[in-house]
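Contents: one structure, followed by commentary.
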Amino acid sequence: MNWLKRLLISLALLLTVVNVRADEGMWLPQLLARLNEKHMKGLGMKISAADIYNINKGSLKDAIVSFGGFCTGEIISAKGLVLTNHHCGFDAIQNHSTLERNYIHDGFWAKNHAEEIPNAGLFVTFIVRIEEVSSQVLAGVTPAMEEKERQSVVDKNIAAVRKNLKKESYQDSHVRAFFEGNQYFLFVTETYRDVRLVGAPPSAIGNFGKDTDNWMWPRHTGDFSLFRIYAGKDNKPAEYSADNIPYTPKRALSISLSGVSENDFTMVFGFPGRTTQYLHSAAVEQVINVNDPAKIAIREKALAVIDAFMRKDEQIKIQYAAKYAGIQNSYKKWQGEVLGLTGTHALAKKKTYEEEFLKRVNSKPEWKDQYGSLVNDLQKAYDAFRVYGKHRDYYTEIINRIEAFTVAAQLNNLISAKEKNGEEGFKKALPQVQNRLEDLYNEYNPAVDKKLFETLMQLFVEGQDAEYISSLPRQLAAASGGFGQLAEKMYADSWLDDGSKILDGLKNDAAALLEKCRKDPMNDLAMALSSAYTEKVNRRLTELQNNINRLQRSYMQAQMEVFKEKVFYPDANSTLRVTYGTVKGYNPRDAVVYDYYTYLDGVMEKYKPGDYEFDVPEKLRQLYQVKDYGPYGQNGKMPVCFIARNHTTGGNSGSPALDAWGNLVGLNFDRVWEGTMSDINYDPSICRNIMVDIRYVLFIVDKYAGAGHLISEMKLVRPKQR
């Protein structure tokens, strides 16, 4: 029996095990009937796996979309109404906001279809079906292959699988690797590109608590926004047209007014981005002590710069709101990740696990021969990787924060396109570069970027070993009298911070502009930094990463073969997954116990008039004063958020939280701070996902916004008595 057959048999055996650990896991929906249904029903689920995933008739999967490729959304009406998070729709909300028409501050509600706003570039993707294609993709692959050669064979096989696939002309497909490339699945998809903004609460509701409350519990945020999918008259995907009509879905979610109670079954359906549950202990140690601390320090500096400008200038606040939120989100997440990994003794648990792995491996000669050195080899590989990983994080975090460097990179891409592919390549690349730079300059302020340059370039030089970086920034700073003076000189001499000149140049005489770019001092510095990084860090980093990938793939295969009693779920990779658990509070530290629900009372307790984070709109205060909650309140109170043991991560933002009957009860938007390490080490004692109660969403839409016409589209149910 060759290695591939043995691997596929091991994977098949894996999928027959049903003693699933409670709460943990991101499961492929087409495997639920075989792998999870019994356990899900044991936790209280009332529907079947076929109700969740079915390719022969409408099922819950047909109401779930990948929203823009970065979040999840769900269909909540027969007219293609999509619910997702406020922070997922924020870029669209921001793009339509001005000082005179500030949808970030005031919110937005379309009164009819004609007022719904198109969003260029925004799309939603449905999953039509999922098929395993491991044997086809791995055909011709051998264990002796180098990574580059292996990937070449895999890529050719994937191309053949997609080429031979039977699908509709308006459908697409992609193949994703699972279990570190030991298994592959094909996804057939349908993408709709006419997605219009329908409604969004003001940020004082949709982002209540902002930075202070981000990743925290208790939470009181109405983190939602509404969009609508439009289709051609045949209900098929179509580019934007005024003649398009609201999409009629195969399935729309029913919405429960019953709420949830402690220990109730909940299920989250969505597109989680990336997890790394099966890492070697050396990788976890570097996350705790090297990578996360470096990124936290850099983002702390960047946030301080941007915040100082945003607090003084409303226009800058609008321009930089989305960027600031994105920077801050990961910054705080990494802090919680380090706290959680340390507090749950994740490193010690990994080492204990590896000791047991080696004990079992050494007990069988065939395992010892094949896997005996894996743990030690991975340790050596990560030891070599350590210093390069640190310098990678410094480079990517700092260079990506300074937008003048981003402009230089885009213009250099245009230069490269012309040099490699002549005038034809240049003409093809020019519109893409123009669009990207237009988007960048719309949310750009030269003064902010100059201060970021001053602050971060100093950190770039002082925080790294000189042998791994270009000497040019240090030399320029010394010649200028410091980084502050260097920033003044660079931005005075450079064209790259002047959006009108750059965009006009690209439009009227791109060739002349690119010649100026070649000689621009900011471009010279960007090129020097990039060249040094490529030569001194990235080339070696790529070699080391390829070796780690090879070893990790073998380690993954070995774990599944050695730990027969353990059920392995694949790491998240932005594909459709189901996670499930129960509603539960938690005890994060000594003498602290958190309940599982929050109410509008808590919003008012946090209220600070005029505060950037905790102001509350007057109308919401009035509704609270008279307790006008309509049918959405419970026992005289208005539920806002709740938590449960659902294993979620980035990409699950906007995912529906479903009850035992498959009805919508909440909208996933965050995790608790102590449990953000769930990407690496899920621990059911403190890992909780945070959801806005769907009744709070309905209350805001109906009673606050007066958008009852949207409520009338939805199917409201009461599956259980209160």
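The values are calculated or read from the model by the stated rules, or taken from the named source; none is laboratory data. Model, not experiment: these values are computed from the prediction. Don't worry about glycine lacking a Cβ; one is built from the backbone with ideal geometry, like all the others, and counts go over all protein chains shown.
A few points about this structure:
- Residue within the stretch 274-285 that is in contact with a helix residue (DSSP H, G or I) (Cβ under 8 Å, 6 or more places away or on another chain), modelled with pLDDT of 95 or more, more than 28 Å from Arg553 (Cα to Cα) and of a type in the set (A, V, I, L, M) present: no
- Answer from Ile288, Ile318, Ile327, Ile298 - the residue that is closer than 18 Å to Met216 by Cβ, surrounded by 14 or more Cβ atoms within 10 Å (Cβ to Cβ) and either of a type in the set (Val, Ile, Thr) or at pLDDT 95 or above (or both): Ile327
- The set of residues in the stretch 402-416 that are of a type outside the set (S, T, N, Q) and touching a Lys or Arg at 6+ places or on another chain (Cβ under 8 Å) contains only Ile415.
- Filtered by the rule that a residue be in contact (Cβ under 8 Å) with a residue 60 or more places away in the chain and either under 30 Å from Leu279 (Cα atoms) or outside any helix (DSSP H, G or I) (or both), the stretch 314-333 gives Ala325, Ile327, Gln328, Asn329, Lys332, Lys333.
- Only one of the listed residues (Glu100, Glu116) is at pLDDT 95 or above and farther than 13 Å from Pro201 by Cα. That residue is Glu116.
- Single residue of Tyr612, Tyr596 found to be aromatic (Phe, Trp, Tyr) and either more than 15 Å from Phe208 (Cα to Cα) or in contact with a Phe, Trp or Tyr (Cβ under 6 Å, 6 or more places away or on another chain) (or both): Tyr596
- Filtered residue count, the stretch 130-160, keeping only those that are within 24 Å of Thr191 (Cα to Cα), surrounded by fewer than 17 Cβ atoms within 10 Å (Cβ to Cβ) and in contact (Cβ under 8 Å) with a residue 12 or more places away in the chain: 2
- Pair list, Cβ < 6 Å and 6+ apart or interchain, from the stretch 83-94 residues that are under 16 Å from Gly666 (Cβ atoms) to residues that are among the hydroxyl-bearing types (Ser, Thr, Tyr) and part of a loop (DSSP other than H, G, I, E, B): Asn85/Ser653; Cys88/Ser653
- Qualifying positions in the stretch 187-206 - among the hydrophobic types (A, V, I, L, M, F, W, C) and over 20 Å from Tyr53 (Cβ atoms): Val195, Leu197, Val198, Ala200, Ala204, Ile205
- Residues within the stretch 439-476 that are among the aromatic types (Phe, Trp, Tyr) and more than 19 Å from Lys323 (Cα to Cα), tallied: 2
- Looking only at residues of the stretch 227-269 that are closer than 25 Å to Lys57 by Cβ and of a type in the set (Ser, Thr, Tyr), we find that the one that is surrounded by the most Cβ atoms within 10 Å (Cβ to Cβ) is Thr266.
- Tally, over the stretch 429-445, of residues that are in a helix (DSSP H, G or I) and either touching a strand residue (DSSP E or B) at 6+ places or on another chain (Cβ under 6 Å) or in contact (Cβ under 8 Å) with a residue 12 or more places away in the chain (or both): 10
- When the test is whether a residue is outside the structural domain of Asn214 (by TED's automatic domain parsing), surrounded by fewer than 18 Cβ atoms within 10 Å (Cβ to Cβ), under 15 Å from His220 (Cα atoms) and not small (Gly, Ala, Ser), Lys619 does not pass it.
- Of residues in the stretch 446-458 being in contact (Cβ under 8 Å) with a residue 60 or more places away in the chain and under 27 Å from the mean Cα position of the chain (by Cα), the one nearest to Arg386 (Cα to Cα): Leu456
- Residue that is surrounded by the fewest Cβ atoms within 10 Å (Cβ to Cβ), among those in the stretch 646-661 that are part of a loop (DSSP other than H, G, I, E, B) and touching an Asp or Glu at 6+ places or on another chain (Cβ under 6 Å): Thr649
- Subset of the stretch 125-155 [acidic (Asp, Glu) and within 29 Å of Cys71 (Cβ to Cβ)]: Glu131, Glu132, Asp155
- Residues located in the stretch 663-699, provided they are closer than 23 Å to Arg251 by Cβ, more than 16 Å from the chain's Cα centre (by Cα) and either at pLDDT below 95 or not aliphatic (A, V, I, L, M) (or both): Asn663, Gly666, Asp693, Arg695
- Residues (in contact (Cβ under 8 Å) with a residue 24 or more places away in the chain and in a loop (DSSP other than H, G, I, E, B)) located in the stretch 168-201: Tyr170, Asn182, Arg193, Pro201
- Elements of type strands (runs of 3 or more DSSP E) in the stretch 573-622, at least 3 residues being at pLDDT 95 or above: 577-582, 597-599
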